[in-house]
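A.B. asks: For reference, the structure I am asking about is given below.
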Amino acid sequence: MAKSFEDIPGVEWVPGTGEFIKVNSELCSGCGNCVKVCLGSCYVVKGKKAVIQSLDRCMECGACWYVCENEAISFFWPNGGTGFRTQWG
């Protein structure tokens, strides 16, 4: 069943995405760029490394992957029909 959040109208998340984002802690420098750009607040820096705290609000934009200066983030779009869905296209 899809879930939504009141503070993000017109958007729902459909379960079953599988693993579509990973952080390689060996490559992560802890710069925090992913934390700064993530609209869903999916990342935190713990122990000087970025970690995914939750992908519940991930908007699958790929911004975290794009700004990772050490290529520590692997990003793939989720399986078709799952993940972020918006009523505006």
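The values are calculated or read from the model by the stated rules, or taken from the named source; none is laboratory data. These numbers come from a predicted model, not from an experiment. As a convention, Cβ positions derive from the backbone with ideal geometry for all residues, glycine included, and neighbour counts pool all protein chains shown.
A.B. asks: What about Trp77, is it aromatic (Phe, Trp, Tyr) and at pLDDT below 95?
C.D. replies: On the way: aromatic (Phe, Trp, Tyr): yes; at pLDDT below 95: yes.
The answer is yes for Trp77.
A.B. asks: Just to be sure I understand the filter: pairs with C-beta atoms under 6 Å, separated by 6 or more residues or on different chains, first member in the stretch 72-89 and in a loop (DSSP other than H, G, I, E, B), second member among the β-branched types (Val, Ile, Thr) and surrounded by 11 or more Cβ atoms within 10 Å (Cβ to Cβ). Which pairs pass?
C.D. replies: Hits for this filter: Ala72/Val23; Pro78/Thr17; Thr82/Val14; Thr82/Thr17.
A.B. asks: Would you mention how many residues in the stretch 26-61 are in contact with a Lys or Arg (Cβ under 6 Å, 6 or more places away or on another chain) and either of a type in the set (Val, Ile, Thr) or closer than 11 Å to Ile73 by Cβ (or both)? Outline the logic, then answer.
C.D. replies: So in the stretch 26-61, the residues in contact with a Lys or Arg (Cβ under 6 Å, 6 or more places away or on another chain) come out as 28, 30, 40.
Then keep just the ones that are either of a type in the set (Val, Ile, Thr) or closer than 11 Å to Ile73 by Cβ (or both); that gives 28.
Matching residues across the stretch 26-61 total 1.
A.B. asks: Output the residues belonging to the stretch 37-65 that are farther than 19 Å from Ile8 by Cβ and among the basic types (Lys, Arg). Spell out the reasoning first.
C.D. replies: Taking the stretch 37-65 first, the residues farther than 19 Å from Ile8 by Cβ are 44-51, 65.
Once the filter is applied, which keeps residues that are farther than 19 Å from Ile8 by Cβ and among the basic types (Lys, Arg), the stretch 37-65 yields Lys46, Lys48, Lys49.
A.B. asks: Restricting attention to the stretch 72-89, does a residue exist that is among the basic types (Lys, Arg) and surrounded by 14 or more Cβ atoms within 10 Å (Cβ to Cβ)? Don't jump to the end; show me each part of the working.
C.D. replies: Looking only at the stretch 72-89, we keep the residues that are among the basic types (Lys, Arg), and these are 85.
Checking the rest, the ones that are also surrounded by 14 or more Cβ atoms within 10 Å (Cβ to Cβ) come to 85.
Scanning the stretch 72-89 turns up at least one residue that is among the basic types (Lys, Arg) and surrounded by 14 or more Cβ atoms within 10 Å (Cβ to Cβ).
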